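Peer 1: Before anything else, here's the structure in question.
The values are calculated or read from the model by the stated rules, or taken from the named source; none is laboratory data. Please read these numbers as outputs of a predicted model, since none were measured by experiment. Virtual Cβ from ideal backbone geometry, glycine too; neighbours counted across all protein chains shown. Only protein heavy atoms, including side chains, enter the accessible area calculation; ligands, DNA and RNA are left aside. Shrake-Rupley method; radii C 1.70, N 1.55, O 1.52, S 1.80 Å.
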Amino acid sequence: MDFDTPLFDTALAEAWVRAIAAAVEKEQARLTELDSAIGDGDHGSNLHRGFSAVLAALDDLRPAGSGTVLTKTGSTLISKVGGASGPLYGKAFRAIGAALPDPAGPADVAEALAAGLDAVRALGKAAPGDKTIVDAYTPAVAAFRATAAAGAALPEAAAAAADAAEQGARDTVPLQARKGRASYLGERSIGHQDPGATSTALLFRALADVAAG
Ligand code: ADP
Ligand code: MG
């Protein structure tokens with residue numbers, strides 16, 4: 001193993017989850033505003049409630065492996081968030097945690113993130129283009145995988161994934177929602193950025209930030 005290459009370990013897993021909680025707190029109003037346009041206006045508060053509970057759970061967890069940090073994050077989101085996003089992100093984090101060796105290199109992290117996307121798709125049955133979490137998560141995994149396969153280190157792969165997730169979130173604007181609450185609006189869902197795709201981009205940007213050190 002190349003010891004100069006930064007690895008995804010327990011400390012980084014915890015830093016990632018804490019960075020997501022901070023980003024959700026900062027962007028709560030924006031997420032709620034987006035969800036007010038095409039949903040019921042609770043996406044920011046749902047995630048804020050969920051990640052506040054995750055922070056409290058993390059304090060009871062030390063020392064634990066990165067897998068445990070992430071599976072616990074997932075279970076906490078499932079139990080604390082009533083909206084669609086709670087079970088979807090909850091299942092994703094549980095799958096990521098279950099798939100992740102500790103420590104993990106970039107290719108391991110790519111596969112663990114892909115397992116998270118599979119879990120979201122298995123539960124929510126959304127395809128790319130349905131204007132959901134999947135529209136940010138799918139390009140993020142593709143970018144992470146491709147960058148890692150080209151031999152990039154974790155910070156570079158995570159940055160490419162974050163850029164792709166942000167682009168994927170922006171690309172939801174012209175889409176008509178076909179899953180979730182926004183789908184009830186039909187064509188009126190067109191012209192708005194999807195709240196869940198937006199929070200997925202926050203999640204990948206948080207990973208890029210902590211991986212950059
Ligand atoms: P709720 O819709 O129950 O109020 P939230 O407001 O927390 O839950 O989350 C809404 C977001 O959940 C949407 O913007 C969308 O991205 C995501 N979402 C909804 N249904 C699905 C699904 N079936 N698959 C993937 N993501 C979904
Ligand atoms: Mg909502």
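Peer 1: Below 8 Å between Cα atoms, with a sequence gap of 6+, how large is the relative contact order for the stretch 10-211 in percent?
Peer 2: Relative contact order of the stretch 10-211: 22 percent.
Peer 1: Hey, with R₀ at 45 Å, roughly what FRET efficiency would Ala29 and Thr68 work out to, going by the Cβ-Cβ distance, to 0.05?
Peer 2: 0.90
Peer 1: Highest mean first, what order results for 51-64, 101-114 on Cβ atoms within 10 Å?
Peer 2: 101-114, 51-64
Peer 1: With all protein chains present, how much of the accessible area of the stretch 10-211 (probe radius 1.4 Å) comes from carbon and sulfur, to the nearest whole percent? Mind dumping the intermediate values first?
Peer 2: Numbers: 4390 of 8130 Å².
The computed percentage sits at 54.
Peer 1: Now a separate question. Per residue of the stretch 134-151, in order, report the coupling 6.51 cos²θ - 1.76 cosθ + 1.60 (Karplus, θ = phi - 60°) as ³J(HN,Hα) in whole Hz, putting x for Gly and Pro.
Peer 2: For the stretch 134-151, the Karplus curve yields 4, 6, 9, 5, 5, x, 5, 5, 4, 5, 4, 4, 5, 5, 5, 5, 7, x Hz.
Peer 1: Which Rg and Dmax, in Å, describe the Cα atoms of the stretch 128-213?
Peer 2: So, for the stretch 128-213, Rg and Dmax equal 13.8, 44 Å respectively.
Peer 1: Give me the distance in nm between label points sitting 7 Å out from Cα along the Cα-to-Cβ direction at Asp60 and Ala212, one decimal.
Peer 2: 3.5
Peer 1: Looking at the stretch 10-211, how many pairs of lysines come closer than 18 Å at the Cα, when each pair is eight or more places apart or spans two chains? Don't skip to the answer; put the middle values down first.
Peer 2: Numbers: Lys72/Lys80; Lys72/Lys91; Lys80/Lys91; Lys91/Lys125; Lys91/Lys179; Lys125/Lys179; Lys131/Lys179.
Taking the stretch 10-211 as the scope, the lysine pair count is 7.
Peer 1: So what is the calculated 222 nm ellipticity per residue for the chain, using -39500 (n - 2.57) for each DSSP H run with n of 4 or more, over all residues, to the nearest 500 deg cm²/dmol?
Peer 2: Numbers: 8 runs with 146 residues, N = 213.
Mean residue ellipticity at 222 nm (helix-derived): -23500 deg cm²/dmol.
Peer 1: Going by the alpha-carbon gyration tensor, a ≥ b ≥ c the square roots of its eigenvalues, is the stretch 78-120 rounded (a/c under 1.5) or, if a/c is not under 1.5, prolate (a/b greater than b/c) versus oblate? Mind showing how you got there, number by number?
Peer 2: Working: a/c = 3.86, a/b = 2.32, b/c = 1.66.
Here the stretch 78-120 falls in the prolate category.
Peer 1: What area, in nm² and to one decimal, does the C-alpha convex hull of the chain cast on average over all directions? Kindly include the intermediate steps, with their values, before the conclusion.
Peer 2: Values: hull surface 41.0 nm².
Mean projected area for the chain: 10.2 nm², to one decimal.
Peer 1: Less than 9 Å Cβ to Cβ from Gly74, Lys/Arg counted +1 and Asp/Glu -1: what total charge do the surrounding residues give?
Peer 2: Details: positive: Lys72, Lys91, Arg94; negative: none.
Here the count lands on +3.
Peer 1: Averaged per residue, what accessible area in Å² does the chain show with a 1.4 Å probe, protein chains only?
Peer 2: With the other protein chains kept in place, the chain gives 43 Å² per residue.
Peer 1: If you take the square roots of the eigenvalues of the alpha-carbon gyration tensor of the stretch 30-141 and sort them as a ≥ b ≥ c, do you get rounded (a/c under 1.5), prolate (a/b over b/c) or oblate? Write down the numbers at each step before the final one.
Peer 2: Numbers: a/c = 2.31, a/b = 1.24, b/c = 1.87.
Verdict is oblate for the stretch 30-141.
Peer 1: Something else about it: In sequence order, what are the phi-derived ³J(HN,Hα) couplings for the stretch 195-212 according to the Karplus relation 6.51 cos²θ - 1.76 cosθ + 1.60 with θ = phi - 60°, rounded to whole Hz, with x for glycine and proline?
Peer 2: These are the phi-based 3J(HN,Hα) values: x, x, 5, 5, 5, 4, 5, 4, 5, 6, 5, 4, 5, 4, 5, 6, 5, 6 Hz.
Peer 1: Counting Lys and Arg as +1 and Asp and Glu as -1, what is the net charge of the other residues whose Cβ lies under 12 Å from the Cβ of Trp16?
Peer 2: Neighbour charge sum, excluding Trp16 itself: -1.
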